[in-house]
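So the structure is just underneath, and the comments pick up after that.
The values are calculated or read from the model by the stated rules, or taken from the named source; none is laboratory data. This structure is a prediction, so every number in the text was calculated from the model and none was measured. Glycine gets a Cβ as well: all are built from the backbone with ideal geometry, and neighbour counts include every protein chain shown.
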Amino acid sequence: MTRIDEHGYYGRFGGAFVPEMLFRNIEELRRVYTDWIAEPAFQKEFQALLKDYVGRPTPLYFAERLSEKYKSQIFLKREDLNHTGAHKINNTIGQILVAQRVGKTRIIAETGAGQHGVATATVCALKGIKCIVYMGEVDIERQAPNVARMRMLGAEVRPAKSGSKTLKDATNEAIRDWIQNPEDTHYIIGSVVGPHPFPDMVARFQSVISEEMQKQLLDKIGREHPDRIIACVGGGSNAAGAFYHFLNNESVKLTAVEAAGEGVESGKSAATSILGRDGIIHGSRTLLMQTKDGQIIEPHSISAGLDYPGIGPLHAHLIDSGRAEAIPITDKEALEAGFELSRLEGIIPALESAHALAALNKLALEKEEVVVVNLSGRGDKDLATYIRHMGE
Amino acid sequence: MNRIKDLFKVKDKAILNVFVTAGYPNLSDMPEIVKTLAASGVDMVEIGMPYSDPLADGETIQHSSKVALENGMHLDLLFEQLRALRPTVDIPIILMGYFNQLMQYGVEAFIQAASEAGVDGMILPDLPLIEYERTYKPLFEAANISVSFLICPSTPADRIRKIDTLSQGFIYMVADAATTGQTRDLSEAQRTYFKHIQRLDLQNPRLIGFGISTRDHFVQAAQFARGAIIGSAFLRAIDPKKPENESNSLDERIRGFVGSILEPTVSVG
Ligand SMILES: Cc1ncc(COP(=O)(O)O)c(C=O)c1O
């Protein structure tokens, strides 16, 4: 089963492990989100914004030189061409419309790479709503251009100073903020993580990615589905969107790429599906990197967007059940793939997306295999990191 | 026998429950802290099991958890300390923590260890009611460990009734929309909320927690509930890094703090 059950579980993963102070907000969302998203007026506004503001549909580009190199047919789903430069805005557009309908006047968000923070700051500017973004101190430093963008868009960026000072800690701070401001605030969570109904709601907003893919593939290769989809997984929202309409089509192989950091066994990794076991993080039961005592382990990845010790419950279920295959990619392999795409296709990918590209090297692809790599974002925000490693 | 039920049965003055993080300020301080608290008139203690990501807690408890983990606190050591402590104090002991800690220890193994250590109750702010009801309730009940659930201003009335049916010992009434550690005076809205809860005539007694830091708060809380829980303010009072604490021993700091809350005795209602 790849859809949630009535309690918000995918198999044994998911649920809503939240303090009582958040119960009403979560419950309110749970009751209304499916109806609202289905409402014609909601869909009309959502689709119009995706088209005219975000610039959708994003192209499905046949990467000829990359295909030659990997001896298969590789298409890139160009989420990097979205307004603000990543898939994250598909979700923030949807959630800001939800927030307006629940009557909230203040928005909070967490961000790792800063792409979700920028996408949230953007929709808040669009709607004239106050926006506060929590971001780990380490990430504020390594994703400086995005911090500047958020501020320019009128958002307040608050540093998260606890723990590893990265995405996990920014999420903790955002949840604490929501506990203290339940009345006026909506939390626009940035991935398919958190308590039910967030994982499912975010997946639905991101599902536009695979919906478009179906039409584009039909047009380009005469059938709606590829043989394989490759996407990176931090929390897993771009992967959830890219997999969504193919979840029940077993002829499509799903490859979820995780950040191995300096190596799966190095102690500096974020390869959750290998290093993690069942646990609870940010209100959801999922695979989690933790000590024997259940203390959450601080992850590591060169890519701020993948530097997370958990994984969305949908992906925990897909990997655990064998529906998706998880592949770990190291910092170094991701950098190489980023340089490779730049030279072969003239596209500088986000470091997160570079992890997905690096998986091409690890898979035994068949000659005519149709592969879609979800190019979740563009690399502008990572230039400083790329430059540091240039010529290595 | 359940020490929590007995306490609420016999005590006619305001009940003071003090929270301390196990392993803070030093790895082995908790048993002495509890003994001193009991000797100074505190009615029950809530012992925090330090956690890396305490979502419902504010800065003070987060900090104490971090220090405790750095000191090397872990659950087996906590149970060992509790087993040695239990014969020396009579007051109820409650453990507070996050559900992942129980999941990793094994819920059944945890309950058994807690029971052997003489633990009387549990507070697990992120354990959903539905999970408790579906899976864990019989396990806790068989071990005579009462689980107290939280209610807060946004909890709807029908859910409060349900929490009342499922809670044992007492209900933890969160004073405000807040993580732990905020210190504000009781507002008009809070008084209205407390009065509303009083009128529901619940079967469980209630303690008020979150943001109670002074005698004045404690006196006000006792007008609307059987007493209160003090956590962050106590941790701040015993923090060895605070300049004002430097010249006092841990024992003196504890007695000084409890005295400032409890003397003279506070009545209920
Ligand atoms: C470009 C890009 N790709 C991927 C991710 C990872 O998030 P998710 O796994 O939710 O898609 C991020 C997160 O910041 C990102 O910015």
* Hey, does segment A:239-248 have a residue that's out of contact with any Asp or Glu (no Cβ under 9 Å at 6 or more places or on another chain), surrounded by 24 or more Cβ atoms within 10 Å (Cβ to Cβ) and not small (Gly, Ala, Ser)? -> yes
* For A:SER353, state whether it is more than 20 Å from A:ASP139 (Cα to Cα) and hydroxyl-bearing (Ser, Thr, Tyr). => no
* Asked: Which condition number does A:ASP278 fail, the rest of (1) more than 14 Å from every other protein chain (Cβ to nearest Cβ); (2) more than 16 Å from the ligand (Cβ to nearest atom) being met?
  -> (1)
* Inspect segment B:39-55 for any residue being among the polar types (S, T, N, Q) and facing chain A (nearest Cβ under 10 Å) and give the result as yes or no. => yes
* Structure fact -> Here the qualifying pairs (Cβ atoms under 8 Å; residues six or more apart or on different chains; first in segment A:217-243 and acidic (Asp, Glu); second at pLDDT below 95) come out as A:ASP227/A:GLU366
* Asked: Which condition does B:LEU150 not pass, out of (1) facing chain A (nearest Cβ under 10 Å); (2) within 14 Å of B:LEU75 (Cα to Cα); (3) buried (at least 21 other Cβ atoms within 10 Å of the Cβ), if it passes all the others?
  -> (2)
* Looking at segment A:259-361, what strands (runs of 3 or more DSSP E) fall wholly within it and have at least 1 residues that are under 18 Å from the mean Cα position of the chain (by Cα) and more than 25 Å from A:HIS196 (Cβ to Cβ)? -> A:324-330
* Is at least one residue of segment B:179-197 assigned to a strand (DSSP E or B), within 11 Å of another protein chain (Cβ to nearest Cβ) and either under 14 Å from B:PHE224 (Cα atoms) or not aliphatic (A, V, I, L, M) (or both)? -> no
* How about segment B:58-88: which of its residues are more than 8 Å from chain A (Cβ to nearest Cβ) and in a loop (DSSP other than H, G, I, E, B)? -> B:GLY72, B:MET73
* Asked: Residues in segment B:153-163: is at least one in a helix (DSSP H, G or I), without any contact (Cβ under 8 Å) to a residue 12 or more places away in the chain, within 14 Å of chain A (Cβ to nearest Cβ) and among the acidic types (Asp, Glu)?
  -> yes
* Structure fact -> Every listed condition ((1) in contact (Cβ under 8 Å) with a residue 60 or more places away in the chain; (2) buried (at least 24 other Cβ atoms within 10 Å of the Cβ)) holds for A:GLY163 save (2)
* So which residues in segment A:1-47 are among the hydrophobic types (A, V, I, L, M, F, W, C), part of a loop (DSSP other than H, G, I, E, B) and more than 12 Å from chain B (Cβ to nearest Cβ)? -> A:MET1, A:ILE4
* Structure fact -> Of the residues in segment A:81-96, those that are assigned to a helix (DSSP H, G or I) and buried (at least 22 other Cβ atoms within 10 Å of the Cβ) come to A:THR84, A:GLY85, A:LYS88, A:ILE89, A:ASN90, A:ASN91, A:THR92, A:ILE93, A:GLY94, A:GLN95, A:ILE96
* Got a sec? Which helices (runs of 4 or more DSSP H) wholly within segment A:114-202 have at least 3 residues that are within 15 Å of the ligand (Cβ to nearest atom) and at pLDDT 95 or above? -> A:115-127, A:144-152, A:167-180
* Test each condition in (1) closer than 30 Å to A:LEU217 by Cα; (2) within 14 Å of chain B (Cβ to nearest Cβ) for A:GLU64 and report the one that comes out false. => (2)
* Asked: Taking the condition outside the structural domain of A:ASN238 (by TED's automatic domain parsing), out of contact with any helix residue (DSSP H, G or I) (no Cβ under 9 Å at 6 or more places or on another chain) and of a type in the set (A, V, I, L, M, F, W, C), does A:ALA148 pass?
  -> yes
